[in-house]
Each structure stands twice: as C-alpha cells, then as structure tokens.
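All remarks here apply to the structure that follows.
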Amino acid sequence: MKGGIRHRGNSRLQAIFDFFITLLLWVYFTAGFVLLFAPFYLWPGIFSKDRERTFQKLNSRFYKWFFFLVRRLMPGHRWHIQPEVLDIRSAVVVCNHRSYLDSILLISLYARHNTIVKTRLLDIPIFGNMLQWSGYIPSSSEGRFAEMMIQRIEGMEAFLADGGNLIVFPEGTRSRDGRIGALNKGAFKIARRLRAPIKVLFVQNTDRMFRRGSFSFDTRGPNVIRLDLIGSIDVAAECETSSLPHVIAKVRGMLESSNNGGEDT
C-alpha cells in the first residue's frame with residue numbers, strides 16, 4: 001500500500017515537472033521568438049533581396065536554440081546524430097515520421113533548406129506569412145496556393161544547385177504505431193525530374209520525448225534519439241532500368257529494415 005502511494009506521489013511530481021519544462025519551452029517558442037528573433041526577421045522581411053534564404057537561415061537557428069534548451073533541460077534523453085547527416089547538400093532528404101519534433105529537428109540541421117507544409121498552415125496570420133516568405137511548398141496543388149506550389153517546384157532546380165536540401169516526410173503524417181506507412185510519390189517525382197539524389201534518413205525515439213496526443217514532454221528518459229543516414233539513391237539513374245514505384249518500394253524497404261532493427265533505450 002505504501003509503495004502504491006509513493007508511486008502515485010512520484011507520478012504526480014513527474015507530471016508537474018514535465019509540465020514545467022514544457023511551459024519553459026513554449027515560452028521560448030512565443031516570448032523568445034518575439035523578443036529575440038522577431039527583430040531579425042523584420043529587416044530582411046522588408047529590405048532583403050533574398051528574403052527566402054535569410055528566413056530559412058533564421059528558422060534553422062531558432063530551432064537549433066530550441067534543441068539546445070531541450071538537451072540542457074532533459075539530460076535523460078541522449079542524442080546521436082550521424083555526422084554524415086550534417087554533410088548532406090543539394091539533395092531531396094526523405095525521412096520516416098515519428099513526432100512533431102522530426103520536422104523542426106531537420107530544419108535545425110540545415111541553414112539552406114526547404115520543405116512541404118500543410119496548406120492550411122499558410123492561412124494562419126503572421127505564421128503563415130513566415131512560411132510563405134521562407135519559400136516553403138504548399139502540400140496541395142488545389143486552391144489559392146496552387147500557383148505558388150508550381151512556382152516553388154519550378155525554382156527547385158536552382159535551389160538544389162545552390163546547396164539547399166528539400167526535406168520531405170513521404171508518409172505524410174506521423175506514424176501511430178511506429179510502423180512505416182505508405183510513401184507518397186511527390187518527393188520521388190521531384191528527385192527524378194531534377195536528377196537530384198535522394199538521401200534516406202531514419203529517426204528513432206523522438207516520439208518517446210514528445211508522445212502523440214500529449215501536451216507535455218516526457219522529460220525523464222532514459223532514451224536515445226538517433227538520426228542516421230541509411231541510404232542514397234540516384235532516382236533518375238534507377239528509373240532508367242526500373243520504375244518509380246520500384247524506387248519507392250526500395251526506400252520503404254530501407255526504412256522498414258531500420259525500423260525492424262530495434263531501437264536504443
């Protein structure tokens with residue numbers, strides 16, 4: 001009985017601690033952005049000749065500082081990011097999707113980046129404008145952002161040639177059970193059209209830090225978050241001897257193989 005009471009007490013204390021850390025991180029996202037970063041966005045937003053590049057760099061730096069805080073506030077979660085991941089340039093980067101943290105983690109790693117965002121986010125005041133000014137690509141080819149999507153895709157060749165990376169989560173949404181979902185064709189079509197390499201990344205255990213359906217971070221651990229480069233594919237060359245569905249199946253096989261290899265704890 002006493003053990004049960006102690007366990008419930010520890011659980012309450014942990015929930016309070018999780019909430020407190022989560023609150024601090026949300027303060028960074030809101031007040032921290034307004035006080036520390038907004039002035040840096042204001043100048044290029046008005047005067048810069050290359051607003052897109054500057055906004056991408058600022059976005060990356062903002063999230064880099066976020067993960068700096070995460071590492072300090074949650075030491076029970078250890079991080080292993082393969083050095084080869086950081087060296088990727090001029091590629092279509094595809095990755096499995098476990099948590100909301102995945103997209104901002106990849107953005108934090110690449111100052112020159114682009115990504116596909118849900119079209120409804122572009123309608124949010126101020127935030128949606130920032131996404132548009134960052135050059136991000138609407139997920140839908142229908143509606144009032146259809147022309148923007150076409151323009152962004154047409155400019156992607158120059159963007160990749162300039163060292164940028166296009167970040168895509170081809171499952172389209174976070175995995176509910178950890179298994180790899182069906183992969184959308186969009187990223188693979190872009191890579192084939194532009195003759196750009198696809199770099200396949202695999203992320204593990206971000207969902208243990210920020211669980212689906214939870215408001216608070218799980219601050220405890222022990223946990224190891226990993227991000228590894230598990231493969232590289234020349235889609236244009238592959239499609240000369242096989243089909244695009246074959247390439248997609250090959251990438252899905254890479255992801256499933258890594259997924260079935262187990263996770264660090």
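Here, each number is a calculation from the coordinates, and none is a lab measurement. Treat the numbers as computed from the prediction; the structure is a model and nothing was measured. Cβ: placed from backbone, ideal geometry, glycine included. Neighbour counts: every protein chain shown.
Report whether or not ASP18 is under 24 Å from GLN132 (Cα atoms), assigned to a helix (DSSP H, G or I) and among the acidic types (Asp, Glu).
no
Output the number of residues of the range 32-72 satisfying the condition of being crowded, with 17+ Cβ neighbours inside 10 Å and either more than 22 Å from ILE116 (Cα to Cα) or over 22 Å from the mean Cα position of the chain (by Cα) (or both).
Total satisfying the criteria: 3.
Take the residues of the range 131-171 that are part of a helix (DSSP H, G or I) and not aliphatic (A, V, I, L, M): which is surrounded by the fewest Cβ atoms within 10 Å (Cβ to Cβ)?
Keep residues of the range 131-171 that are part of a helix (DSSP H, G or I), which gives 131-133, 146-154, 156-161.
Keeping just the survivors that are not aliphatic (A, V, I, L, M) gives 132-133, 147, 151-152, 154, 157, 159.
Values: GLN132: 18, TRP133: 17, GLU147: 11, GLN151: 12, ARG152: 20, GLU154: 9, GLU157: 14, PHE159: 21.
Only one residue fits best here, namely GLU154.
How about the range 129-183: which of its residues are of a type in the set (Phe, Trp, Tyr) and more than 26 Å from ASP87 (Cα to Cα)?
Of everything in the range 129-183, just one residue is of a type in the set (Phe, Trp, Tyr) and more than 26 Å from ASP87 (Cα to Cα), namely PHE145.
When you scan the range 105-130, how many residues do you find that are under 25 Å from GLY143 (Cβ atoms), in a helix (DSSP H, G or I) and not small (Gly, Ala, Ser)?
The number of residues fulfilling the criteria is 9.
Of the residues VAL251, VAL247, which single one is in contact with a strand residue (DSSP E or B) (Cβ under 6 Å, 6 or more places away or on another chain) and part of a helix (DSSP H, G or I)?
VAL251
If you check ASP218 against the conditions, is it under 21 Å from ARG72 (Cβ atoms), in a loop (DSSP other than H, G, I, E, B) and within 20 Å of the chain's Cα centre (by Cα)?
So ASP218 passes the test.
Pick from the range 185-215 the residues that are in a loop (DSSP other than H, G, I, E, B) and basic (Lys, Arg): which of them is farthest from the chain's Cα centre (by Cα)?
Here the answer is ARG195.
Return the total of residues in the range 53-70 being closer than 17 Å to GLY32 by Cα and free of Cβ contacts under 8 Å to residues at least 12 places away in the same chain.
So the count comes out to 1.
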